[in-house]
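Note sheet for the following structure.
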Amino acid sequence: MGTEEGPGPIALVGSGEYLPQMADFEAALIAGRAPRYVQLATAAVQDGPSVVNHWHELGRTQAQRLGVEPVIVPVNDRADADNPEFAEMIEGAGLIYLSGGDPNYLADTLRDTKVWRAIEATWRQGSALAGCSAGAMALGAWIPSLRHPRKGSIAGLGILEHLGVVPHFDAFAARVPDLLTRFVLPDESLITVFGIDEETALVGGPKEWTVQGRQSVWRLGTSGREEFPVGATVSTRG
């Protein structure tokens, strides 16, 4: 388990999991914690086994760069997510990372399962918990339907009760700059939504965060967006 009392940090990452340019960032998350880097590529399952294996190999390689043990938890469906042997693999993690793909599939697969309960318990005991792209979206209270916005959004895993995430925000906003205010944003009185640029992360939580990485994080609302550059501190409701 982590060496600190209470929950470890949460990292909401816009893109770049397991890439060399994010190695220092991931090293900082696991520093001072158990050298076990637990990785789940569940969000990529619907893209096929070759894509899942690609994420597994990237994760193993990154763990080798960091000098820690890679622990691949092969959760492909809800039966896997309720497998007690897979849940036991989470225990003792220094860093747990949910990589990218389909956030809806990830949330629906993990919700109310043994693996998700193990992830939450291990984080609360001090492990760092990171989600990139789909992984970041799934950790919040609300998952925007970015591909088909008129179909509506679904609930996330809810470890962050008042937050929503739009990853790859610099690329997304450049393609469809008005989509957020027209279809995507939820009730601002209930959920704060952050756009997170690529190779950038919001780190800390649940109420105090810092911006790390290469670009910016944006607080989004129907009246516009507020930029937080690297190094900025962000306060939220939790």
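Every read-out reported here was derived from the displayed coordinates using simple, explicitly stated rules and does not represent laboratory data. As the structure is a computational prediction, the values presented were derived from the model and not from experiment. Backbone-built Cβ (ideal geometry, glycine too); neighbour counts: all protein chains shown.
Given the peptides 78-91, 24-37, arrange them by the average over their residues of other C-beta atoms within 10 Å, most packed first.
Put in order of decreasing packing, that is 24-37, 78-91.
Per 5 Å bin from zero, what fraction in whole % of the C-alpha pairs of the chain is there, up to the bin with the longest pair?
Pair shares across the bins are 1, 7, 15, 20, 22, 17, 10, 5, 1, 0.
Grab the Cα-Cα distance for R219 and A121, subtract it from 0.36 nm times how many residues apart they are, and report the gain in nm with one decimal.
Additional length available on full extension: 32.4 nm.
Of T113, T61, T222, which is the most mobile in a GNM of the chain whose springs link Cα atoms less than 10 angstrom apart?
T222
Of G131, G140, G67, which is the most mobile in a GNM of the chain whose springs link Cα atoms less than 10 angstrom apart?
Per the Cα network of the chain with a 10 Å cutoff, G67 tops the list.
Relative contact order of region 10-235, please, whole-number percent, based on alpha carbon pairs below 8 angstrom and at least 6 residues apart.
Relative contact order, region 10-235: 21 percent.
What angle do you read, to the nearest 10 degrees and between 0 and 90, between the alpha-carbon axis of helix 114-124 and the longest principal axis of the chain?
80
Measure out, as a whole number of angstrom, how far apart the alpha-carbon centroids of region 204-238 and region 3-72 sit.
Taking the Cα centre of region 3-72 as reference, the centre of region 204-238 is 22 Å away.
If you take the alpha carbon radius of gyration of region 1-115 and divide it by 2.2 N^0.38 Å, what ratio comes out, to two decimals?
Normalised by 2.2 N^0.38 Å, the Cα Rg of region 1-115 equals 1.01.
What is the helix-to-structure angle for 49-66, meaning the angle in degrees between its Cα long axis and the longest Cα principal axis of the chain, kept from 0 to 90 and rounded to the nearest 10?
Roughly 70 degrees between the two axes.
Anyone know which of Q215, Q39, Q21 comes out most mobile in the 10 Å Cα GNM of the chain?
Q21
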